[in-house]
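Participant: Next up is a structure, given as structure tokens.
The values are calculated or read from the model by the stated rules, or taken from the named source; none is laboratory data. If you're wondering where the values come from, they're calculated on a predicted model, not measured in any experiment. In this analysis, Cβ positions are derived from the backbone assuming ideal geometry, glycine residues included, and neighbour counts consider all displayed protein chains. Heavy atoms of the whole protein, side chains included, go into the accessibility calculation; ligands, DNA and RNA do not. Shrake-Rupley method; radii C 1.70, N 1.55, O 1.52, S 1.80 Å.
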Amino acid sequence: MTKIELPENRRLQVGPTGSIVLVSCGEGDEANIITVGMYMPISVRPPLVCIGIAPQRYSHQLIEKTGEFVVNSPSISIEKEMHYCGVSSGRKVNKWKETGLTQLPSLKVKIPRIKECFGHLECKVVKAYTVGDHTLFIGEVVATSADEEVMNGDTLNPMKARPIVQKNHVYFTVTDQK
Ligand SMILES: Cc1cc2nc3c(=O)[nH]c(=O)nc-3n(C[C@H](O)[C@H](O)[C@H](O)COP(=O)(O)O)c2cc1C
């Protein structure tokens, strides 16, 4: 098999396809949603996740201000709404109104959950690092909730949840089990 080397501007291109999440942030009238591909769980005890947010995003200032965010998992059925939240800014539009996504009060943080998503990780920021052109916000997960229908007991069934994965802004979902 012949390997080709990709040019400098494609250096992240052939890493694994990753899950997309919708991060809700901001309190009260400032509540906003940002589409995030740079999401990763990084510790089990304590439960920690990280998200990479570019400093110029409106959401960046909201997360800095409140010290909280919620990682919401969208299914492929809300692909259009998910994409919209990744190409529009909360500085200019109200993404809740524009997409029809609805706020659901969280259990442990002041930031609302997104009702139409199947899972929610409520996070409090414990550290933030500048890494290249993004800020890595590390969040401790203080509460987790999910739609009962996508769960087998306390375990997620991805075949029912149908999470969104992406490469190059082309969106896919889980369709089969090995
Ligand atoms: C599929 C997809 C993934 C994205 N992933 C990220 C990401 O991980 N980090 C980031 O800062 N922006 C990411 N973006 C861009 C932001 O979602 C986008 O700039 C958004 O308009 C910012 O909204 P805000 O200004 O309301 O915060 C992504 C966009 C799309 C469409």
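Participant: Within segment 46-71, how many residues are away from the ligand (no atom under 13 Å from the Cβ) and surrounded by 22 or more Cβ atoms within 10 Å (Cβ to Cβ)?
Facilitator: Quick first cut of segment 46-71, residues away from the ligand (no atom under 13 Å from the Cβ) only: 46-48, 66-68, 70.
Going one step further and asking which of them are surrounded by 22 or more Cβ atoms within 10 Å (Cβ to Cβ), we end up with 68, 70.
Of the residues in that region, 2 qualify.
Participant: Additional query: Got a sec? Which of 3, 80, 92 is near the ligand (Cβ under 9 Å from one of its atoms) and of a type in the set (D, E, K, R)?
Facilitator: Details: 3 fails: near the ligand (Cβ under 9 Å from one of its atoms); 80 fails: near the ligand (Cβ under 9 Å from one of its atoms).
Among 3, 80, 92, only 92 is near the ligand (Cβ under 9 Å from one of its atoms) and of a type in the set (D, E, K, R).
Participant: Return the total of residues in segment 18-45 being more than 11 Å from the ligand (Cβ to nearest atom) and open to solvent by 60 Å² or more (accessible area, probe 1.4 Å).
Facilitator: Summing the residues that are more than 11 Å from the ligand (Cβ to nearest atom) and open to solvent by 60 Å² or more (accessible area, probe 1.4 Å) in segment 18-45 gives 6.
Participant: Which residue is farthest from residue 118 (Cα to Cα), if the candidates are limited to segment 151-166 and must be open to solvent by less than 50 Å² (accessible area, probe 1.4 Å) and part of a strand (DSSP E or B)? Explain how you work it out, then say what you get.
Facilitator: From segment 151-166, those open to solvent by less than 50 Å² (accessible area, probe 1.4 Å) are 151, 157, 161, 163-166; that's our starting set.
So of that shortlist, the ones also part of a strand (DSSP E or B) come out as 151, 163-166.
Details: 151: 10, 163: 9, 164: 11, 165: 15, 166: 18 Å.
Restricting to residues being open to solvent by less than 50 Å² (accessible area, probe 1.4 Å) and part of a strand (DSSP E or B), the top hit is 166.
Participant: Under 6 Å between Cβ atoms, at least 6 apart or on separate chains: pull out the pairs that start in segment 154-178 with a residue that is without any contact (Cβ under 8 Å) to a residue 40 or more places away in the chain and end on any residue that is away from the ligand (no atom under 16 Å from the Cβ) and open to solvent by 50 Å² or more (accessible area, probe 1.4 Å).
Facilitator: Partner pairs satisfying both residue conditions: 174/158.
Participant: Okay, moving on. Scan segment 90-128 residue by residue and report those that are polar (S, T, N, Q) and either open to solvent by less than 10 Å² (accessible area, probe 1.4 Å) or without any contact (Cβ under 8 Å) to a residue 12 or more places away in the chain (or both).
Facilitator: Kept after step one, since they are polar (S, T, N, Q), are these residues of segment 90-128: 94, 99, 102-103, 106.
Within segment 90-128, 94 is the sole residue that qualifies.
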